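Everything below concerns the one structure shown next.
Values quoted throughout were computed directly from the atomic coordinates according to the rules given, and no laboratory measurement underlies them. Because the structure is predicted, anything quoted here is derived from the model rather than measured. As a convention, Cβ positions derive from the backbone with ideal geometry for all residues, glycine included, and neighbour counts pool all protein chains shown.
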Amino acid sequence: MYARYGVAHAWLVDPKRRTLEAYALDGGEWQLLAEASGNDTIAVAPFDALRLDLSNLWS
């Protein structure tokens with residue numbers, strides 16, 4: 001449904017597993033951009049100008 005409406009990016013956050021998956025829509029298909037977990041720090045589209053410390057999500 002998100003692809004149909006042109007949502008360009010999606011992040012899936014699982015607080016129980018402490019994981020984050022970032023996807024981008026490319027030609028109507030979702031492409032995995034990054035996977036991170038635990039206390040990783042990431043910078044991924046569309047917020048790649050910022051570094052996100054995942055430990056802040058779990059505290």
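(i) 104; (ii) 169; (iii) 81: which one is volume of the Cα convex hull per residue in Å³ as calculated from this entry?
It is the one labelled (iii).
Using the Karplus equation 6.51 cos²θ - 1.76 cosθ + 1.60 (θ = phi - 60°), what ³J(HN,Hα) coupling, rounded to whole Hz, does each residue of segment 9-25 give in order, writing x for Gly and Pro?
The phi angles translate into 9, 9, 10, 10, 10, 10, x, 5, 8, 6, 10, 9, 10, 10, 10, 10, 7 Hz.
Between ASP40 and ARG17, what length in nm is gained on full extension when 0.36 nm per residue of separation is reduced by their alpha carbon distance?
7.0 nm
Quote the charge dipole size of the chain about the Cα centre in Debye, to the nearest 20; the model charges only the Cβ of Lys and Arg (+1) and of Asp and Glu (-1).
Details: 5 positive and 8 negative charges, 44 e Å.
Here the chain has a charge dipole of around 220 debye.
Please list 3J(HN,Hα) in residue order for segment 31-38, calculated via the Karplus relation 6.51 cos²θ - 1.76 cosθ + 1.60 where θ = phi - 60°; whole Hz, with x for glycine and proline.
Karplus-based 3J(HN,Hα) across segment 31-38 equals 10, 5, 8, 7, 10, 8, 7, x Hz.
May I ask you to compute the full-extension gain from ASN56 to ALA3, defined as 0.36 nm times their residue separation minus their alpha-carbon distance, rounded to one decimal in nm? Working shown, then result.
Values: separation 53, 0.36 × 53 = 19.08 nm, distance 2.88 nm.
Residue separation times 0.36 nm, minus the Cα-Cα distance, leaves 16.2 nm.
Defining a contact as two alpha carbons under 8 Å apart and six or more residues distant in sequence, what relative contact order in percent does the chain show? Provide the component values of the computation, followed by the final result.
Values: 88 pairs, mean separation 14.8, N = 59.
Once divided by the residue count of the chain, the mean separation gives 25 percent.
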